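This report concerns only the one structure given below.
Derivation of every value follows stated rules applied to the coordinates shown; laboratory data play no part. Keep in mind that this is a model prediction, so the values were computed, not measured. With ideal geometry, Cβ positions are generated from the backbone for all residues, glycine too; neighbour counts draw on all protein chains shown.
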Amino acid sequence: MGLGAVHDLASQPDVAEVTVADVDGAKARAIASRVKHGKVTAVEADISDARAAVKLMRGHASAISCVNYWHNEKLARAAIEAGTNFCDLGGNNDVVDAELALDADARKAGVNVIPDCGLAPGMVAVLAAHGAARFKNLDEIHIRVGGLPQNPKPPLDYQLVFSVEGLINEYIEPARVIRGGKITTVESMTEIETLEFPAPFGMMEAFQTSGGTSTLPETFLGKIKELDYKTIRFRGHCEKFKTMIDLGLCSSDAIDVDGVRVKPRRVLGDLLVRNLPADEPDVVLVRVEFKGDGKTLTYDIIDRQDETTGLSAMMRTTAFPASIVALMMARGQTTPKGALPQERCVPPELFMTELAKRNIDVRQHWS
């Protein structure tokens, strides 16, 4: 995701400099070398060091966190101290709440802190805001998203397209939804439904997962009756993974194995990394459906790996939305300042225009 963000930022004519930082300096240098822009500087930095993070961000108009979600609150605080706008790829509701609690500090510093700016949570929140504005009386919003291999292989018909820790979190934490006009939670990996996409995909499945609605339940509370988010997978995936969850393989509680304390989740995560493909051609499927005024509006995205740049569909649809938000903050296009959900401060029409510039095609259909 860092590679995708650097590639997009360095491609913008009004961007003068881009710094890419990693605890492994060789990885940062590899990205700078691959992007091949004189604008990009590689830095070795340990962002768990708060003072180092402030020093790193100072002088930059915007910063994007593409690291694991548990660093994001500390990084948001560092950005505020550095006077730098900040966004991240999010993925954990508690961390997002902690970031949004920094609103007064961010406003005082004259910056934005905008969490959850990837794909889902992320881009879909702005799509939701864009579509909702087209209704006089909106009743329902249903969001469906999946990052998938173009050539699925057993046993899970899935490949790792982002952090394995983030994947497990989505599958085991409760999902926040609006039901009957009220915010509630439902168990993840439940309520399986089928939905159809054009060939070669055909019938897919979608099921409840955590994190995808992010701040949308609060934003739309009192305005609509139903809102939910489900993850799209090839059929049969949910049942197989749910079996592993039910067996305790996603538990973080250590168990004794031959005298050694072992956390099943760490073992499963390592096995997934070892055994699932991670770099084969991928596709991202998105469907956002709005119901109201006696009509239905559907937004569909089918985005495939870019063979020219080598950027995966997941990089394009996760990193590009984050870089768009970072650019908007740097350009002064987000209003107002403070720590805010993107659906409340990112101009939806401008965001859609920026997606189109990057050939992320949002097909719209009324019925």
Counting other beta carbons within 10 Å of each Cβ, put L227, L195 in order, fewest first.
L195, L227
Based only on other Cβ atoms within 10 Å, what is the fewest-to-most ordering of S11, S323, S252, S163?
S252, S11, S163, S323
Run the lone-cysteine check on the chain: no other Cys C-beta under 4.7 Å from the residue's C-beta.
C66, C238, C250, C345
Relative exposure of T194, T334, judged by other C-beta atoms within 10 Å (fewest first):
T194, T334
37 °C / 0.692 mPa s Stokes-Einstein diffusion coefficient of the stretch 1-93, Kirkwood radius on C-alpha pairs, µm²/s
246
If R0 is 51 Å, what FRET efficiency do you get for E140 and V267 from their C-beta distance, rounded to 0.05?
0.80
Using 0.36 nm per residue, how much length does the chain from R51 to D246 gain when fully extended, once their Cα-Cα distance is taken away?
66.0 nm
In terms of Cα to Cα distance under 20 Å, which aspartates and glutamates are near enough to K225, apart from those fewer than 8 places away along the same chain?
D139, E140, E187, E191, E193, E289, D293, E343
May I ask you to derive the relative contact order of the stretch 73-151, considering only C-alpha pairs under 8 Å and at least 6 residues apart, and to give it as an integer percent?
29
With mean projected area of the Cα convex hull in nm² as the read-out, I listed (i) 18.6; (ii) 23.6; (iii) 21.9; which label goes with the value calculated from this structure?
(i)
Under the Kirkwood approximation for Rh and a Cα-based Rg, what ratio Rg/Rh is obtained for the stretch 123-310?
1.01
How much length would be gained if the chain were fully extended between V186 and Q150, taking 0.36 nm per residue of separation minus their Cα-Cα distance, in nm to one decimal?
10.0 nm
Return the subset of K153/K242; K182/K291; K27/K74; K36/K230; K55/K108; K74/K337 for which the Cα-Cα distance in this structure is over 28 Å, preserving the input order.
K36/K230
So between S11 and H71, what do we pick up on full extension, going 0.36 nm a residue minus the alpha carbon distance?
18.9 nm
Cross-link pairs K240/K263; K223/K295; K295/K357 - those with Cα-Cα distance over 26 Å:
K295/K357
Over the chain: helical MRE at 222 nm, DSSP H runs n ≥ 4 each giving -39500 (n - 2.57), nearest 500
-10500 deg cm²/dmol
Could you pull out which residues in the stretch 272-296 have an amide N less than 15 Å from a spot 7 Å beyond the Cα of R34, following the Cα-Cβ vector?
278-282
Explain nothing, just the number: dipole magnitude of the chain about its Cα centre with +1 on each Lys and Arg Cβ and -1 on each Asp and Glu Cβ, in debye rounded to the nearest 20.
700
Cα centroid separation - the stretch 39-107 against the stretch 177-206, whole Å
32
